[in-house]
Each structure stands twice: as C-alpha cells, then as structure tokens.
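Okay, structure first, notes after.
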Amino acid sequence: MGAYKEPHGGELKNLYLPAEEAEAEKQAAREFASWDLTERQLCDIELLLNGAFSPLEGFLGKDDYESVVENMRLASGVLWPVPITLDVSEEFAGSIQGGDRIALRDLEGVIIATLEVADIWTPDKNAEAQGVYGTADEAHPAVHYLNNIANPVYVGGKIRGVEAPTHYDFKHLRNSPAELRERFRKLGWRKVVAFQTRNPMHRAHQELTLRAAFDIEANLLIHPVVGMTKPGDVDHFTRVRCYEHLLDRYPEQTTMLSLLPLAMRMGGPRETLWHAIIRKNYGCTHLIVGRDHAGPGKDSKGNDFYGPYDAQELLKEHEEELDISMVPFRMMVYAENRAQYIAADEAGDSDQILNISGTELRRRLAEGLEIPDWFSFPDVVAELRRTHPPRHKQGFTVFFTGLSGSGKSTIANALMVKLMETGGRAISLLDGDVVRKNLSSELGFSKEHRDLNIRRIGYVASEITKNGGIAICAPIAPYTSTRRIVRDMIAPLGGFVEIHVATSVEVCEQRDRKGLYAKARAGIIKEFTGISDPYEEPENAEMVIDTENISPDLAAHRIMLKLESMGFMR
Ligand code: PPS
C-alpha cells in the first residue's frame, strides 16, 4: 500500500471554480435565493469544497442519502457512511424548486458556494437516526442534533465553490488535502499515520502516537478536529496551543500538526470509517483507532451505544476497499518503578502503574490541584490552566425551571441577594417576566416562541458565564430539549446548575398569585403551562426544590450550599 493513491471512487475533488469563473458566479449568485449556512454546514461545505469529502461533489441528493442511511454506500455503490445533507427551513424550501441555483453564505453573508438544486425532500429523521447511528435515543448527540437543531427539509445538489470559508486563527496549521499531500510528497513521507483527536494530548498520547508510528515505520500526522466536537469539550484554541507545545517534544522531522475543520457527529463505527476516508483523502496511509472511537457517551439508560471495539472491527472490514489501514491504539500507562510509559498489555505484576483519568484531570483543574509532570508536560498544563481557572474563579448560570407561580422568581431573588452579600462576581437576573418585557416582547407562548425565548435567555446567560459573571435565569422553560440546548451552550463556558422548582400544579393553582390559572381555566388565556400546555419535568436537574415544604429563604440557602459543594464559591 503506497501513499497518494487516488481516493476510493475516483480522483481527489476540488470543487472551487477557477478565480475568473468564481468572480462571475459570485456576481450571478447575488440574484439567487440565498441560504445562510449553519455552523455545521459551514464545516461540511469547507471539507466538500477542498476535497476532504471526495468523492462527494455536493450535498447528498435523495437517492444517495437513502442509500447512505440504509447501506452505508452512495447509490453508485461507493462506501460512504455519514449523510452530508443541507438542512433548510420549510419556508426556504418552499421558495425554491428543482433546477434553481441557490447561494450559500457564511455567517457574515459572504457567498461561499452555489448549489444547483437537484432534490428537495422531507427526510424521515427517525429512519436516519436508526440507520446511521443505530438508535433513536436523544442522549446520542447526533440524534439530538437531528431532531432538535437540524432543519426539517433537505436540499441536495452539486456545489461550486467561489470563496473558501475564512479562518482567522492558526492559519499556518490549516491545509487542504492537496496541500498536505504535496507536503508529504516533498518531505518524502511515503507512509503517514494519522492521529484523530478532540481532546488535549498528554504524555500517554504522545507515547502511543510515537509507538504507533515507530511500529509501522511511518511518519505521524496529528490531525485534531477543530470544527465541532462534543459539547463540553475543551475549546480548540486551547487545544491547539497545547498540541503546539507537544509537537516540540517529538523527534525532529517525524511529526506534523494540521487542523481538521470537521463537524463530528460522534457516530462511533460509521464515523470511524468516515474519519478513515477523510484521512485517506489527506494523503495518509494509516489511521490510529482506539477503544470507542468517536464514541457518543452513554445512552439515556446509562449504557454504551456501541461496543468498545465495534469501530475498529468495522474499519478492519473495509480497510482494503478504502485503501487505508487501521492501527489499533495501544493504551499506554506510566510505570512509576521504571519511570517510563509502557503499553498497558506489557505491564507485569510488579509494575506500579499510575493513572489520572479524564474526570480526575478535570477535577484537579477545577480545584486548582497539582497535575504531575509524569502525566503531562508543564507547558501543556499551564495552557489548560489559563483557560480553565479553578471553579471559584469561573462564571456560572443558575437556571430555574418550573410552573408559573411555582416560586422561581422569589427564590431567584433571594439567591441573588445572598450572592451579592458574598460579593466577588457580577450578577444578572434574567427572570421570566422581565425577559419577556425586554428581550422577548414580541413573543407568545407557542412551542416555537417559548423555545426562542429560552434560547435567547441561554445566549445571554452564556455570555455572562463566559465572562466570569453569574446569571440567574427563572423562566418556565417547559421543554427538555430546549433546556438541554441551553445547558450544552453554557456548560463548556463555566458552570450550569439546573434547579427544578417542583411545586405541583395543584398548589400553584391554589396560590394563583397573578390570577392566571383562573383565567386559563376559563379559557381566557390559551396555551397555559400545566393547564392547556405541557411541562416536561427535568430528569437530570442538579437540584429539585419543593416549595410546599420549605421557605424561599431556606431554598436559597440550600442552593448556596450546593454551589459551595460544587466549588463555585470560596
Ligand atoms: S417560557 O415558557 O419559559 O417561555 O415562559 P416564560 O418566559 O417564563 O413566561 C412565563 C410568564 O408569562 C406569564 N404567562 C404565561 N405562562 C405560561 N403560559 C402562558 N400561556 C402564559 N401567558 C402568560 C406568566 O406570568 C409567567 O410568569 P411566571 O413568573 O412563571 O409566573
């Protein structure tokens, strides 16, 4: 198996038009219907355009999509495991038809590409979830995305690139497949093993990647994902600075670092095949695959979605067809008695193995505790500490949810005063009523409007949290999936503490402080939560408060204790 063979299914694609044609296309596209690409679509289109997704030539059409979902292959039979689709709103879909050309724009309105509409269809999302991810459980990040974030209609068609998506960061580390292949060729790297990661790398990772490269006498490409990874992951800016420090520690001329703007789906085995195809396109001959590669975490019952070696097995089955080989990841552990890393399967009874798990590392960072040199290089740890200050210096959001009249606002106010008494951080209260007067005055109480309202609150709270402040939110927030979106948005930036004010609808109605329940019963107020509109009870709130048994003061006090126990106070 030699390097630089053509990718499966034909030559490496480059979907960008030559400069002059691109200019003309851009002018013409000003008249086309226009779609603003989502964050995920922007990642996908960049890799479509530069050939990382070869042999694809655009967003999948209906036949290819159905074939990928069902058989993991394009309609032509070429292996392709993950559907790359352009999801759009019903409104936009209604404004276009087959044969039209549409302009695809980035977040700032710059036209990135045009698409010639081949198909417009409403996908069966349940079938997609089952087919691609093997589950309909929304605990799977890709299923959650599909059901709650992705738009309802798909548009398929070939694309023509007019301008590459802009990146202002780490330009020196961003390469197209053609560029990387050319660099490998120049350097005479005939065998290249890629290491895929979405996490900071520590000494064990360095040891395992070096070993993998030595074992097969290959050069090493550290190819971290910097597009979209799993919510809660360390941001890519921090990670890339860590990788750069680590790079200095590899033997000279052995290793290269390049960034991959991929939007991961956490799709386990199928995603592993996809990773292999992408690396093949970038000119690699091997891919390191570990236990539970691209794993999505636990399902809603606490079980793994995939078997630990499913990903390795699926790639092994197809490596010949894909013309890229799998290198199984060997777990490396530190043997204190030998003062070195050894492969876990080589450790004997007399070896004293030390280990710090990911959870333990996060705890040590959160509490400002020591992280030993045998575990990670000091400059890598310093980088992590810069963006992960101990919890008592981070911002956080306290997110109350509960029925109207449950006591959310009263407790939120009491909590705010107690936090002000403690001092140290700026505090903002985003109470349901107040938000509806200021931020969301035009919204009603349909599911769509409530979701928009909660997303707005989440956005403001995430900015406050990111900047080290405290946001206290007190909306009804009746829908589980929307609360989850808010949690995912905020948790990576600091703390997120969800508190269910679980006062029953009977008690709320009895109290009826604002007289709204009476009006709801009389049908004067429509879509009233708990009466004529649903409230989905939280299942994983950090705290549940029953105001039938405790006063607002005591409730706020208990929340203070909770915040202390979580490390947010000092
Ligand atoms: S939501 O669902 O989270 O967007 O609701 P929220 O922004 O918290 O607004 C709830 C307040 O609006 C008043 N109100 C209603 N609540 C529920 N359903 C209907 N149909 C409705 N109409 C008006 C009500 O006073 C809520 O205030 P709180 O403080 O919760 O009692």
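Report yes if Val327 is in the same structural domain as Glu313 (by TED's automatic domain parsing), modelled with pLDDT of 90 or more and over 30 Å from Arg521 (Cα atoms), otherwise no. Can you show your working first?
On the way: in the same structural domain as Glu313 (by TED's automatic domain parsing): yes; modelled with pLDDT of 90 or more: yes; over 30 Å from Arg521 (Cα atoms): yes.
Taking the combined requirement at face value, the residue satisfies it.
Which residue pairs have Cβ atoms under 7 Å apart, sit 6 or more places apart or on different chains, and have a first residue in the stretch 313-333 that is closer than 18 Å to Met201 by Cβ and basic (Lys, Arg) and a second that is in a strand (DSSP E or B) and at pLDDT below 95?
Arg330/Ala343
Considering only the stretch 466-484, how many residues are surrounded by fewer than 24 Cβ atoms within 10 Å (Cβ to Cβ), farther than 24 Å from Gly444 by Cβ and touching a strand residue (DSSP E or B) at 6+ places or on another chain (Cβ under 8 Å)? Talk me through it step by step, then tell me what you get.
First pass over the stretch 466-484, keeping only residues surrounded by fewer than 24 Cβ atoms within 10 Å (Cβ to Cβ): 466-469, 476, 478-484.
Next, from what is left, pick out any that are farther than 24 Å from Gly444 by Cβ: 466-469.
Add one more test, that the residue is touching a strand residue (DSSP E or B) at 6+ places or on another chain (Cβ under 8 Å), and what stays is 469.
Total meeting the criteria: 1.
Counting only residues that are touching a Ser or Thr at 6+ places or on another chain (Cβ under 8 Å) and of a type in the set (Ser, Thr, Tyr), which one in the stretch 397-438 is nearest to Ile531 (Cα to Cα)?
Taking the candidates together, the pick is Ser404.
When you scan the stretch 429-468, how many residues do you find that are more than 10 Å from the ligand (Cβ to nearest atom) and not in a helix (DSSP H, G or I)?
5
Among the listed residues Glu179, Glu163, which satisfies the condition of being assigned to a loop (DSSP other than H, G, I, E, B), within 25 Å of Asp106 (Cα to Cα) and over 22 Å from the mean Cα position of the chain (by Cα)?
Glu163
Among the residues that make up the stretch 228-246, is at least one of them buried (at least 22 other Cβ atoms within 10 Å of the Cβ) and among the polar types (S, T, N, Q)?
Within the stretch 228-246, one or more residues are buried (at least 22 other Cβ atoms within 10 Å of the Cβ) and among the polar types (S, T, N, Q).
Please verify whether Asn549 is surrounded by fewer than 15 Cβ atoms within 10 Å (Cβ to Cβ) and under 30 Å from Leu384 (Cβ atoms), treating the condition exactly as stated.
The answer is no for Asn549.
Could you list, in sequence order, the residues of the stretch 355-368 that are outside any helix (DSSP H, G or I) and surrounded by 12 or more Cβ atoms within 10 Å (Cβ to Cβ)?
Ile356, Gly368 - these are the residues of the stretch 355-368 that are outside any helix (DSSP H, G or I) and surrounded by 12 or more Cβ atoms within 10 Å (Cβ to Cβ).
Which is within 12 Å of the ligand (Cβ to nearest atom), free of Cβ contacts under 8 Å to residues at least 12 places away in the same chain and β-branched (Val, Ile, Thr), of Ile550, Ile531, Ile525? Full working, then the answer.
Details: Ile550 fails: within 12 Å of the ligand (Cβ to nearest atom); Ile531 fails: free of Cβ contacts under 8 Å to residues at least 12 places away in the same chain.
When all the criteria are applied, what remains is Ile525.
Would you mind finding the one in Arg265, Arg279 that is in a loop (DSSP other than H, G, I, E, B) and either at pLDDT 95 or above or farther than 19 Å from Met201 by Cβ (or both)?
On the way: Arg279 fails: in a loop (DSSP other than H, G, I, E, B).
The conditions single out Arg265.
Just to be sure, is His392 in contact with a Lys or Arg (Cβ under 7 Å, 6 or more places away or on another chain) and either assigned to a helix (DSSP H, G or I) or at pLDDT below 90 (or both)?
When the stated conditions are applied, His392 passes them.
Looking for something out of contact with any strand residue (DSSP E or B) (no Cβ under 8 Å at 6 or more places or on another chain), under 21 Å from Ile550 (Cβ atoms) and either touching a residue at least 12 places away in the same chain (Cβ under 8 Å) or among the hydrophobic types (A, V, I, L, M, F, W, C) (or both) - is there at least one such residue anywhere in the stretch 441-453?
Within the stretch 441-453 (the criterion being out of contact with any strand residue (DSSP E or B) (no Cβ under 8 Å at 6 or more places or on another chain), under 21 Å from Ile550 (Cβ atoms) and either touching a residue at least 12 places away in the same chain (Cβ under 8 Å) or among the hydrophobic types (A, V, I, L, M, F, W, C) (or both)), the answer is no, since none of the residues qualifies.
Go through the stretch 52-72 and give me each residue that's over 15 Å from Tyr154 (Cα atoms) and touching an Asp or Glu at 6+ places or on another chain (Cβ under 9 Å).
Across the stretch 52-72, the qualifying residues are Ala52, Phe53, Ser54, Pro55, Leu56.
I'm checking my understanding of the structure. Among residues of the stretch 121-138 that are over 21 Å from Cys43 (Cα atoms) and either among the acidic types (Asp, Glu) or in contact with a Gly (Cβ under 7 Å, 6 or more places away or on another chain) (or both), which one is surrounded by the most Cβ atoms within 10 Å (Cβ to Cβ)?
Glu138
Specify which of the listed residues (Met416, Met489, Met420) is in contact (Cβ under 8 Å) with a residue 12 or more places away in the chain and within 26 Å of Ser551 (Cβ to Cβ).
Met416
Please enumerate the residues belonging to the stretch 36-77 that are of a type in the set (Ser, Thr, Tyr) and touching a Phe, Trp or Tyr at 6+ places or on another chain (Cβ under 9 Å).
Residues satisfying the conditions are Tyr65, Ser67.
Here is a list of conditions, (1) modelled with pLDDT of 95 or more; (2) of a type in the set (Gly, Ala, Ser); (3) touching a helix residue (DSSP H, G or I) at 6+ places or on another chain (Cβ under 6 Å), and Gly232 meets all of them except one; can you say which number that is?
(1)
Taking the condition of being more than 14 Å from Thr209 (Cα to Cα) and either outside any loop (DSSP other than H, G, I, E, B) or in contact with a strand residue (DSSP E or B) (Cβ under 8 Å, 6 or more places away or on another chain) (or both), how many residues in the stretch 236-252 meet it?
9
Just to be sure before I move on: is Gly567 within 12 Å of the ligand (Cβ to nearest atom) and surrounded by 14 or more Cβ atoms within 10 Å (Cβ to Cβ) in the structure I sent?
Here the answer is no, as Gly567 does not meet what is asked.
Could you list all residues from the stretch 395-411 that are more than 9 Å from the ligand (Cβ to nearest atom) and under 30 Å from the mean Cα position of the chain (by Cα)? Steps first, answer last, please.
First, pick out the residues of the stretch 395-411 that are more than 9 Å from the ligand (Cβ to nearest atom): 395-400, 407, 410-411.
Within the stretch 395-411, Gly395, Phe396, Thr397, Val398, Phe399, Phe400 qualify.
Can you spot a residue in the stretch 374-394 that is surrounded by fewer than 14 Cβ atoms within 10 Å (Cβ to Cβ), within 30 Å of Glu539 (Cβ to Cβ), more than 16 Å from the ligand (Cβ to nearest atom) and not assigned by TED's automatic domain parsing to the domain that holds Val486?
Within the stretch 374-394, not a single residue is surrounded by fewer than 14 Cβ atoms within 10 Å (Cβ to Cβ), within 30 Å of Glu539 (Cβ to Cβ), more than 16 Å from the ligand (Cβ to nearest atom) and not assigned by TED's automatic domain parsing to the domain that holds Val486.
The values are calculated or read from the model by the stated rules, or taken from the named source; none is laboratory data. Every value quoted in this text rests on a predicted model; they were computed, and no experiment measured them. So basically every Cβ, Gly included, is an ideal-geometry build from the backbone, and we count neighbours across all protein chains shown.
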